[in-house]
Amino acid sequence: MPVVIHPAFTWPRAAFVAAAVALLTGWSAPAVALDLNAFRAEHKLPPLTYSATLGGAAYEHARDMARRNSLDHNGFKERAKMSGGAAAENVSWGCADEDCAIRQWAKSAGHRKNMLMKGVSAYGLASATAENGRKYWVMMLGN
């Protein structure tokens, strides 16, 4: 289950907090990594490791989309630059958990292509819930 970062934290503070939580607790998003990496393994691709930096960038975007009730990739180039060069981003809404989001992305050609991208070594995943209860998900892939 993704680490919940307090909404008062903003990027890049969110990445710092996520990194601190991971370091202090040993958290490494095993359930997500298992699903994502099992999917990649089916296609003979190497596993990805969780990146707190990418996770922080994903959280900031999920939180922004939830605040605006809008699904988009606005600001991806800036997030990619600030997070060390993210290569791709998947966004979705409506899923209650990360398993659903990953399954939803796997069924979409463009999102599937991102999850099966060669040359990436890490991912970040986060969600945020809008006031209306809609949950927004963001996965960032990079190095």
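The values are calculated or read from the model by the stated rules, or taken from the named source; none is laboratory data. Note that the structure is predicted; figures quoted are calculated from it, not measured. No Cβ is skipped: glycine too gets one built from the backbone with ideal geometry, and neighbour counts run over all protein chains shown. With ligands, DNA and RNA removed, areas are computed over all heavy atoms of the protein, side chains included. Shrake-Rupley method; radii C 1.70, N 1.55, O 1.52, S 1.80 Å.
Only residues that are farther than 21 Å from Lys44 by Cα, of a type in the set (Lys, Arg) and in contact (Cβ under 8 Å) with a residue 24 or more places away in the chain: list them for the stretch 68-122, please.
Once the filter is applied, which keeps residues that are farther than 21 Å from Lys44 by Cα, of a type in the set (Lys, Arg) and in contact (Cβ under 8 Å) with a residue 24 or more places away in the chain, the stretch 68-122 yields only Arg79.
Out of the stretch 40-61, which residues are under 15 Å from the mean Cα position of the chain (by Cα) and charged (D, E, K, R)?
Glu60
Could you please let me know if Ser70 is modelled with pLDDT of 90 or more, in contact with a helix residue (DSSP H, G or I) (Cβ under 9 Å, 6 or more places away or on another chain), open to solvent by less than 50 Å² (accessible area, probe 1.4 Å) and closer than 17 Å to Asp35 by Cβ? Working first, answer last.
Working: modelled with pLDDT of 90 or more: yes; in contact with a helix residue (DSSP H, G or I) (Cβ under 9 Å, 6 or more places away or on another chain): yes; open to solvent by less than 50 Å² (accessible area, probe 1.4 Å): yes; closer than 17 Å to Asp35 by Cβ: no.
Judged against the criteria, Ser70 is not a match.
What tally of residues in the stretch 113-128 results from selecting those that are under 14 Å from the mean Cα position of the chain (by Cα) and surrounded by fewer than 15 Cβ atoms within 10 Å (Cβ to Cβ)?
1
Please go through the stretch 73-84 and give me each residue that is open to solvent by less than 40 Å² (accessible area, probe 1.4 Å) and closer than 24 Å to Glu131 by Cβ, ordered by number. Reasoning before the result, please.
Just the residues of the stretch 73-84 that are open to solvent by less than 40 Å² (accessible area, probe 1.4 Å), to begin with: 75, 79-80, 83.
Matches in the stretch 73-84: Gly75, Arg79.
Quick one: is Val21 at pLDDT below 90 and either within 12 Å of the chain's Cα centre (by Cα) or among the aromatic types (Phe, Trp, Tyr) (or both)? Walk me through it before giving the result.
Numbers: at pLDDT below 90: yes; either within 12 Å of the chain's Cα centre (by Cα) or among the aromatic types (Phe, Trp, Tyr) (or both): no.
Taking the combined requirement at face value, the residue does not satisfy it.
Within the stretch 85-112, can you find the residues that are aliphatic (A, V, I, L, M) and either surrounded by fewer than 13 Cβ atoms within 10 Å (Cβ to Cβ) or in a loop (DSSP other than H, G, I, E, B) (or both)? If you could, list the steps in order and put the result at the bottom.
Filtering the stretch 85-112 down to residues aliphatic (A, V, I, L, M) leaves 86-88, 91, 96, 101-102, 106, 109.
The answer is Ala86, Ala87, Ala96, Ala109.
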